Amino acid sequence: MRHRTKMTALAGALVLPVLAIPTAAHADVFSGDIQITKVVVNGGKDIVLGTTDVKTFTIAVTATDNSGIRTEFTYPVMWNTPLKNGDYYGLLVPENVLGKCVRQSFTTATCTYTMKMNPRIHPQDNSTAGTWAVRADVQANDGDYFTKDSAAKVKVLRYAKLTANASPEPVKKNQTITVTGALTRANWETFKYAGYGNRPVNLQFKKKGAGAYTTLKTVMTDSKGNLKTTTKATADGDFRYVYAGSSTTTPATSAADYVDVK
């Protein structure tokens, strides 16, 4: 399901005596010497969404001006795709656009905002997985202002899961074993996990008593995300699959499957 969201509609839903969110600018707009010096999203980490849980994180905007910052006119908006009519496809505004502001000095302030991203609403569909931008708006006491359309970027990723099963168990030494598994990821349109096809996944093994895993081979998932390969059982130990992730999807590591070699 697609939910095309307009910034003007969001502004109307907010009760703000001193602040109204304007329509999408899609370009930087500024006046005077005010500067946005730093924008930090989710502590610098990717935002990961499954199919049900709401992700809560923060955006911190730091700005400076020789007259001081009007903190009640400082706020961020996360967006994914600008539309020709001036709206955005994929949009997220703060829970409270006034935020929590701390003044480092007379000229500089940092305002932190709580954001909540619901995988059933805000991504709109799977096409918005990947890079989102943060638009930051700030204003100074002397009337200077700055709207920076892409003040920061952050990855919004689909959560991935991975399984592994080695058989037969137990097995004779040097006998062939088969390791199956499946790579799935969150689908923001069906709200279920679906197979992630044609992706490279590493089969790894850790001998009993060893401190680290060794990669045995790289296996491609089939069109439905399934994995199947064979290897020799040389010693007792754990087998697992590891996926490195993509520009839209998180890395994933399966649970280890222990094989007893007789």
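The values are calculated or read from the model by the stated rules, or taken from the named source; none is laboratory data. What you see is a predicted model, and the numbers here were worked out from it, not measured in a lab. FYI the Cβ positions are ideal-geometry reconstructions off the backbone, even for glycines, and counts take in every protein chain you see. Ligands, DNA and RNA are stripped out before the accessible areas are found, and what is left, the full protein with its side chains, is counted by its heavy atoms. Shrake-Rupley method; radii C 1.70, N 1.55, O 1.52, S 1.80 Å.
Taking a ≥ b ≥ c as the square roots of the eigenvalues of the Cα gyration tensor of the range 31-175, is the shape rounded (a/c under 1.5), prolate (a/b larger than b/c) or oblate?
Judged from the Cα gyration tensor, the range 31-175 comes out prolate (a/c at least 1.5, a/b above b/c).
Amide H of Val201: which non-local residues (sequence gap of 5 or more, or other chain) have their own amide H closer than 5 Å, using H built in the peptide plane?
Val219, Met220, Thr221
Highest GNM mean-square fluctuation, the chain, Cα pairs closer than 10 Å: which of Ala129, Ala210, Ala166?
Top of the fluctuation ranking is Ala210.
Could you give the longest part of the chain that holds none of the chymotrypsin sites (Phe, Trp or Tyr not before Pro) found in DSSP loops with at most 14 neighbouring Cβ atoms within 10 Å?
1-105
Label the range 25-89 by shape, choosing from rounded, prolate and oblate, from the square roots a ≥ b ≥ c of the eigenvalues of the Cα gyration tensor; if a/c is under 1.5 it is rounded, and otherwise prolate applies when a/b is larger than b/c, oblate when it is not.
Cα axes put the range 25-89 in the oblate bin.
Can you tell me which of Thr176, Thr52, Thr218 moves the most in a GNM of the chain? Springs connect C-alpha atoms under 10 Å apart.
In this elastic network of the chain, the residue with the biggest mean-square fluctuation among Thr176, Thr52, Thr218 is Thr176.
Mind jotting down a quarter of the surface of the convex hull over the alpha carbons of the range 205-251, in square nanometres, one decimal?
Result: a mean projected hull area of 4.2 nm².
Averaged per residue, what accessible area in Å² does the chain show with a 1.4 Å probe, protein chains only?
Ligands and nucleic acids excluded, the result is 49 Å² per residue.
With label points built 7 Å along Cα→Cβ from the Cα atoms of Thr234 and Lys153, find their separation and express it in nm.
Distance between the two pseudo-spin positions: 4.2 nm.
Of Asn165, Asn141, Asn174, which has the largest mean-square fluctuation in a 10 Å C-alpha GNM of the chain?
Highest fluctuation among the options: Asn174.
For the range 150-165 and the range 26-82, write down the distance between their C-alpha centroids in whole Å.
20 Å
Let me check against my output: what whole-number percent is the relative contact order of the chain, with C-alpha pairs under 8 Å and at least 6 apart?
Dividing the mean separation by the residue count of the chain yields 18 percent.
On the accessible surface of the range 214-262, probed at 1.4 Å, how many percent belong to carbon and sulfur atoms?
51 percent
Students often get this wrong, so try it: which of [x] 80, 40, 26; [y] 48, 44, 37; [z] 57, 56, 39 is Cα extents along the principal axes in Å as calculated from the structure shown?
Correct label is [x].
Using a Förster distance of 45 angstrom, determine the FRET efficiency expected from the C-beta separation of Asn66 and Asp125, and round it to 0.05.
The value I calculate is 0.50.
Between Asn96 and Phe30, what length comes free when the chain is fully extended (0.36 nm per residue of separation minus the Cα-Cα distance, one decimal in nm)?
Once the chain is fully extended between Asn96 and Phe30, it gains 21.4 nm.
Given a 1.4 angstrom probe, I'd like the percentage of the accessible area of the range 31-123 that is carbon and sulfur, rounded to a whole number.
Taking all protein chains in place, the range 31-123 shows 50 percent carbon and sulfur surface.
Using 29 Å as the Cα-Cα cut-off, could you pick out the over-long pairs in Lys173/Lys228; Lys100/Lys148; Lys155/Lys207; Lys173/Lys224; Lys116/Lys206?
In this structure, Lys155/Lys207; Lys173/Lys224; Lys116/Lys206 lie more than 29 Å apart at Cα.
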